[in-house]
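A short reminder: the numbers here are calculations on the coordinates, not readings from a lab. Predicted model, so just to flag it, every value in this text is computed and none were measured. Don't worry about glycine lacking a Cβ; one is built from the backbone with ideal geometry, like all the others, and counts go over all protein chains shown.
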Amino acid sequence: MKSLRVRAAVSVVALGLLAGCGGPGQDVVDASNVPRLRARTADALNGRPQVVMPRGLRSVFTTYRATGEDGTKVVHTKWHGRVSGYTGDMWAWVPPQYNQAKYARSGFPVLIALPGAWGYPSNYWTDAPFALEERLSEWAKEGKTLPFILVMPVLNPRKTYYDGSDIPGQPKMGSWLTRDVPEFARTNFRTYATRDGWAFMGSSSGGFAALKAVLKEPQRFKAAIVNGPDTAPDSPLWKGHPAEKLANDPRHLARQLAARGGPQVYLAFELGSKEAAVPDVKRFISGYTGGVRGPIHSTLFEIPDGVHSGHTYIKRMPESLHWISEQMQGPVAAPSV
């Protein structure tokens with residue numbers, strides 16, 4: 001039987017074909033029923049949030065695409081990961097609020113957005129057909145989500161599945177995602193020192209990587225939006241490495257986190273009702289999340305008639321982003337004079 005992610009590759013290839021046509025916002029996304037975020041004081045989460053100002057040698061960016069009349073744009077660069085040793089493509093976007101004077105000394109939350117399939121050589125969340133950036137700008141302006149910085153790296157070093165992990169003898173893609181990608185963000189943008197400012201979002205193979213990263217590194221990341229994921233590692237590169245494979249299994253990681261009693265993490269799952277992944281993901285949710293006192297909190301957004309595609313998941317993105325936004329630290333405006 002083929003793995004879920006191999007089956008997913010077929011739909012994501014079709015998704016890639018869709019990405020080449022149409023304009024921004026071709027998917028119908030209704031955020032009208034999403035409420036505004038609850039009002040919170042600046043120190044509601046962890047005391048006065050500690051801002052990390054950009055440091056080190058900044059990246060040289062080129063414009064990938066303009067994302068609206070507000071002057072925002074997706075930018076692109078290469079980044080060398082000091083921990084993984086891998087050098088890969090990186091795309092980023094900052095919300096309009098980032099350049100407003102009242103937030104000039106504030107940090108911003110970071111959302112690391114991962115694509116499905118191989119996630120190489122591109123990351124489809126950068127592209128116009130999904131219009132994730134334009135939509136996030138609108139939802140944040142309406143107060144429905146936080147104004148996230150989007151960081152969109154390549155997921156794999158070639159067209160092979162690495163499960164977002166450090167597989168022995170292979171490029172260290174787990175370190176790339178959880179160490180080097182955040183270091184890229186801290187080098188170039190105003191971020192937060194605590195995990196309250198860090199989250200993942202991913203689809204299919206990227207959903208697996210997002211789920212595993214938060215469960216494996218809960219001291220670094222607080223939340224994830226997990227779309228149509230596998231819930232167990234299945235890269236063929238794990239052959240001969242059962243112990244390392246187990247150490248990167250979300251089910252094992254969830255049991256370990258529960259045994260430790262925390263820290264608390266928040267997982268927003270999205271599933272199309274027609275996906276093959278539905279029974280498996282629901283078993284994971286019921287088996288490892290949602291306990292009264294457990295550290296793993298979850299919510300599920302099931303999309304009627306939805307299939308395994310980013311074009312399905314974007315439809316519930318405002319609800320998912322709202323849910324994790326309620327758990328995270330947003331920018332803090334300077335006091336008015």
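Given a Förster distance of 45 angstrom, what is the FRET efficiency for ARG251 paired with SER336, based on the Cβ-Cβ distance and rounded to 0.05? Can you show the working numbers first?
Details: r = 49 Å, r/R0 = 1.10.
Computed FRET efficiency for ARG251 and SER336 comes out at 0.35.
Determine, for LYS245, LYS222, the number of other Cβ atoms within 10 Å of each Cβ, and report the residues in order from fewest to most. Before the final figure, lay out the partial values.
Values: LYS245 21, LYS222 24.
If I rank by nearby Cβ atoms, fewest first, I get LYS245, LYS222.
Under the rule a/c < 1.5 gives rounded, and otherwise a/b versus b/c splits prolate from oblate, where does segment 144-249 land using the Cα gyration tensor?
On the way: a/c = 1.92, a/b = 1.69, b/c = 1.14.
Taking the square roots of the gyration eigenvalues as a ≥ b ≥ c, segment 144-249 is prolate.
Over the chain, what is the mean sequence separation of C-alpha contacts under 8 Å (at least six apart), divided by residue count, expressed as relative contact order in percent?
Numbers: 741 pairs, mean separation 70.2, N = 337.
Reported relative contact order: 21 percent.
Counting other beta carbons within 10 Å of each residue's own, what order do ARG105, ARG260 fall into, fewest first?
Details: ARG105 13, ARG260 10.
With the sparsest Cβ surroundings first, the list reads ARG260, ARG105.
Please report the relative contact order for segment 102-257, taking Cα pairs under 8 Å with a sequence separation of at least 6, and give it as a percent rounded to a whole number.
The normalised contact order for segment 102-257 reaches 25 percent.
Sum up the charges of everything whose Cβ sits under 12 Å from the Cβ of PRO157, counting Lys and Arg as +1 and Asp and Glu as -1, but leave PRO157 out. Mind dumping the intermediate values first?
Values: positive: ARG158, LYS159, LYS172; negative: ASP89.
Residues near PRO157 contribute +2 overall.
Among ASP234, ASP305, ASP180, ASP196, which comes first, second and so on when ranked by fewest other beta-carbon atoms within 10 Å?
On the way: ASP234 16, ASP305 8, ASP180 23, ASP196 20.
Ascending number of Cβ neighbours within 10 Å: ASP305, ASP234, ASP196, ASP180.
5 Å is the cut-off here: which amide hydrogens, built 1.01 Å from N in the peptide plane, fall below it relative to LEU114, excluding neighbours closer than 5 in sequence?
MET201, GLY202, SER203
How much net charge surrounds ILE314 when only other residues with a Cβ under 9 Å from its Cβ are counted (Lys, Arg +1; Asp, Glu -1)?
Values: positive: ARG135, LYS315, ARG316; negative: ASP27.
So the surrounding residues net to +2.
If amide H atoms are built 1.01 Å from N in the plane of the peptide, which residues on other chains or at least 5 residues away come under 5 Å of the amide H of ARG65?
So ARG65 has HN proximity to VAL74.
Report the extension gain between GLU302 and GLU244 in nm, rounded to one decimal, defined as 0.36 nm multiplied by the number of residues separating them, less their alpha carbon distance.
Details: separation 58, 0.36 × 58 = 20.88 nm, distance 3.22 nm.
Here the answer is 17.7 nm.
Counting pairs of Cα atoms in the chain, how many percent are more than 30 Å apart? Spell out each step's value before the answer.
Working: 16295 of 56616 pairs.
Beyond 30 Å sits 29 percent of the P(r) for the chain.
Can you classify segment 207-327 as rounded, prolate or oblate using the Cα gyration tensor, where a ≥ b ≥ c are the square roots of its eigenvalues, rounded means a/c under 1.5, and otherwise it's prolate if a/b beats b/c and oblate if not? Provide the component values of the computation, followed by the final result.
Details: a/c = 1.86, a/b = 1.19, b/c = 1.56.
It is oblate, given that a/c is not under 1.5 and a/b is not larger than b/c.
State, as an integer percentage, the relative contact order of segment 255-337 based on alpha-carbon contacts under 8 Å between residues 6 or more apart.
Numbers: 100 pairs, mean separation 29.7, N = 83.
Relative contact order, segment 255-337: 36 percent.
Compute the separation of the alpha-carbon centres of segment 185-249 and segment 268-315 and state it in Å as a whole number.
First find each Cα centre; the distance between them is then 16 Å.
Quick one: 3J(HN,Hα) in Hz for segment 313-327, Karplus 6.51/-1.76/1.60 with θ = phi - 60°, rounded, Gly and Pro as x.
Each residue of segment 313-327 in turn: 5, 4, 5, 10, 4, x, 5, 5, 5, 4, 5, 6, 4, 5, 9 Hz.
Using a cut-off of 10 Å between beta-carbons, work out the net charge of the residues near PRO218 (Lys and Arg +1, Asp and Glu -1, PRO218 not included).
On the way: positive: ARG195, LYS216, ARG220, LYS222, ARG260; negative: GLU217.
So the environment of PRO218 carries a net charge of +4.
Compute the semi-axes of the equivalent ellipsoid of segment 208-261, taking the square root of 5 times each eigenvalue of the Cα gyration tensor, and list them largest first in whole Å. Can you show the working numbers first?
On the way: eigenvalues 74, 41, 15 Å².
Equivalent ellipsoid of segment 208-261: 19, 14, 9 Å, largest first.
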